[in-house]
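**Student:** One structure, pasted below without further comment.
Just so it is clear, none of the values below were taken in a lab; they were calculated from the coordinates. Quick caveat: nothing in here was measured; it's all calculated off a predicted structure. Ideal geometry is used to build each Cβ from the backbone, glycine not excepted, and the neighbour counts take in all protein chains shown.
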Amino acid sequence: MFIRIILLLLIFISSLFISCSNYKATSPYDNNNINNNDNIININDDLYAVGPEATDFDIEYNMREYYKQFNKYKIIVKGNINGSKTLEYIKQIINKEYYKEQKIEVDLSRTTLTSIPQEAFMSSATLSAIVFPETLEEIAISAFQGCTSLTSVTLPSSLSILRHHSFAGCSELQTVIFNDNLKTIANKAFYNCKKLNNVVLPPNITSLETSTFDNCILLTSIKLNDKLEEIGANVFQNCSGLVNISLPSSLTSINSTSFALCTNLKNVEYLGDTPTITDTPFSSSAVPTDLYLPNVPEAPSSNSWDKFLGVTWEADKIHYGQSMPNN
């Protein structure tokens with residue numbers, strides 16, 4: 001009996017050595033393990049999300065915990081925060097002196113928010129990114145005015161209204177991706193966004209209000225839609241990066257200061273076939289030189305285009321049947 005017990009113990013000890021010899025210890029700091037799915041733990045950032053009942057302490061605590069894990073500050077919000085103090089708390093937190101040299105992201109995509117309130121993030125210099133929910137319908141007056149760290153904004157498909165000054169003075173904003181359902185861009189919505197470089201106007205915008213893109217000095221490309229009827233005062237004033245502009249046939253009115261001080265604007269394309277617009281939108285110090293009329297196959301006998309848009313076009317600078325060059 002004793003001998004049998006000894007044999008069983010020896011077998012057990014041998015099995016331990018065999019199993020341990022097949023074990024390989026791995027370090028969490030070993031880069032060789034990054035692509036080994038067996039060693040990766042995917043941390044769901046929903047763990048750091050706060051709901052509508054969260055206090056300012058809760059929001060800041062979770063933001064700092066996120067930083068410990070991912071080495072960046074991010075606030076994630078979920079649930080129905082309409083009517084709550086959540087955005088008010090967030091603004092207070094990200095504007096604290098302690099974070100003044102930091103960049104902070106805010107993710108609202110998991111909420112059912114329908115409106116960003118007036119001045120909600122105004123002058124929040126640390127706000128570097130904002131993600132909107134697909135329930136958002138309105139961005140109110142000056143909601144992001146002066147958010148000087150924002151570089152890119154994607155507007156959700158649910159959004160229909162951008163109120164005035166909504167992104168005015170966002171001096172680092174380079175890219176805005178509009179949605180097709182946007183119907184209103186109010187005056188000065190992107191005023192003084194000096195690094196904005198490319199705009200594709202949504203298809204349902206029929207009017208550009210006063211100073212919408214005023215002083216966007218690096219704006220080099222603007223694509224207008226085929227429903228646009230009116231360009232208001234100072235809309236593209238001092239957009240000195242503009243070289244080309246294509247005007248849709250739907251246009252009926254262009255304010256006299258729409259393109260004031262666009263000193264590098266050289267080429268104008270008009271997609272209509274008759275010179276129905278009688279406005280004079282170009283200032284005397286910024287007169288374009290070439291007119292392109294792709295839908296007018298040849299020069300009419302009446303010379304009806306030679307004073308179009310208040311410019312005295314030289315005969316060889318009116319390009320009938322030709323589209324404007326891309327560069």
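**Student:** Taking a threshold of 26 Å on the Cα-Cα distance, which of the pairs Lys183/Lys266; Lys96/Lys183; Lys188/Lys317; Lys223/Lys307 fall above it?
**Tutor:** Numbers: Lys183/Lys266 30 Å; Lys96/Lys183 36 Å; Lys188/Lys317 34 Å; Lys223/Lys307 24 Å.
With Cα atoms farther than 26 Å apart: Lys183/Lys266; Lys96/Lys183; Lys188/Lys317.
**Student:** Still on this structure, I have one more. Report the label-to-label distance for Gln322 and Glu172 in nanometres (one decimal), using points 7 Å from each Cα along the Cα→Cβ vector.
**Tutor:** The modelled label-to-label distance comes out at 4.3 nm.
**Student:** On full extension of the chain, what length is gained from Asn181 through Glu314, given 0.36 nm per residue of separation minus the C-alpha to C-alpha distance?
**Tutor:** Working: separation 133, 0.36 × 133 = 47.88 nm, distance 4.08 nm.
Length gained, Asn181 through Glu314: 43.8 nm.
**Student:** Enumerate the amide H contacts of Arg110 below 5 Å, restricted to partners 5 or more residues apart or on another chain; note that Pro and chain-start residues carry no placed amide H.
**Tutor:** Long-range HN contacts for Arg110: Val77.
**Student:** So what are the ³J(HN,Hα) numbers for segment 233-248, from phi and the Karplus equation (6.51, -1.76, 1.60; θ = phi - 60°), rounded to whole Hz, Gly and Pro as x?
**Tutor:** So the Karplus estimates, Gly and Pro as x, are 5, 6, 4, 10, 4, 6, 7, 6, x, 6, 10, 10, 9, 10, 9, x Hz.
**Student:** So, with +1 on the Cβ of K and R and -1 on the Cβ of D and E, and no other charges, what is the size of the charge dipole of the chain about its Cα centre, to the nearest 20 debye?
**Tutor:** Values: 23 positive and 33 negative charges, 217 e Å.
With Lys and Arg at +1 and Asp and Glu at -1, about 1040 debye.
**Student:** Do any trypsin sites (Lys or Arg not before Pro) in segment 50-79 lie in a DSSP loop with no more than 15 other beta carbon atoms within 10 Å, and if so, which? Could you put the intermediate results ahead of the total?
**Tutor:** Details: sites: Arg64, Lys68, Lys72, Lys74, Lys78; in loops: Lys72.
For trypsin sites (Lys or Arg not before Pro) across segment 50-79 that sit outside H, G, I, E and B with at most 15 neighbouring Cβ atoms in 10 Å, the list reads Lys72.
**Student:** For segment 224-264 and segment 81-144, what is the centre-to-centre distance using only Cα atoms, to the nearest Å?
**Tutor:** Rounded to whole Å, the Cα centres lie 32 Å apart.
**Student:** For the chain, would you read off the P(r) tail past 37 Å as a percentage of all alpha carbon pairs? Intermediate values should be presented prior to the final figure.
**Tutor:** On the way: 21030 of 53301 pairs.
For the chain, the fraction of Cα-Cα distances above 37 Å is 39 percent.
**Student:** Additional query: Please identify the longest segment of the chain free of exposed chymotrypsin sites (Phe, Trp or Tyr not before Pro), where exposed means a DSSP state other than H, G, I, E or B and no more than 13 other Cβ atoms within 10 Å.
**Tutor:** Values: sites that count: Tyr23, Tyr29.
Between the exposed loop sites, the longest stretch runs 30-327.
**Student:** What is the set of long-range amide H partners of Ile104 at a cut-off below 5 Å, with H atoms built 1.01 Å from backbone N?
**Tutor:** So Ile104 has HN proximity to Leu127, Ser128, Ala129.
**Student:** How much length would be gained if the chain were fully extended between Ser157 and Thr55, taking 0.36 nm per residue of separation minus their Cα-Cα distance, in nm to one decimal? Display every interim value, and only then the final one.
**Tutor:** Values: separation 102, 0.36 × 102 = 36.72 nm, distance 3.01 nm.
Once the chain is fully extended between Ser157 and Thr55, it gains 33.7 nm.
**Student:** Here is a follow-up. Pop the C-beta distance of Ser221 and Thr289 into the FRET formula with R0 = 22 Å and round what comes out to the nearest 0.05.
**Tutor:** Values: r = 19 Å, r/R0 = 0.86.
Efficiency at R0 = 22 Å is approximately 0.70.
**Student:** Just going by the charge dipole of segment 162-231, with Lys and Arg at +1 and Asp and Glu at -1 on Cβ, which of Val200, Cys170, Thr210 is farthest out on the positive end?
**Tutor:** The residue sitting farthest along the positive end of the dipole is Cys170.
**Student:** Within segment 291-327, whose backbone N sits under 13 Å from a point 7 Å along Cα→Cβ of Asp273?
**Tutor:** 294-298, 321
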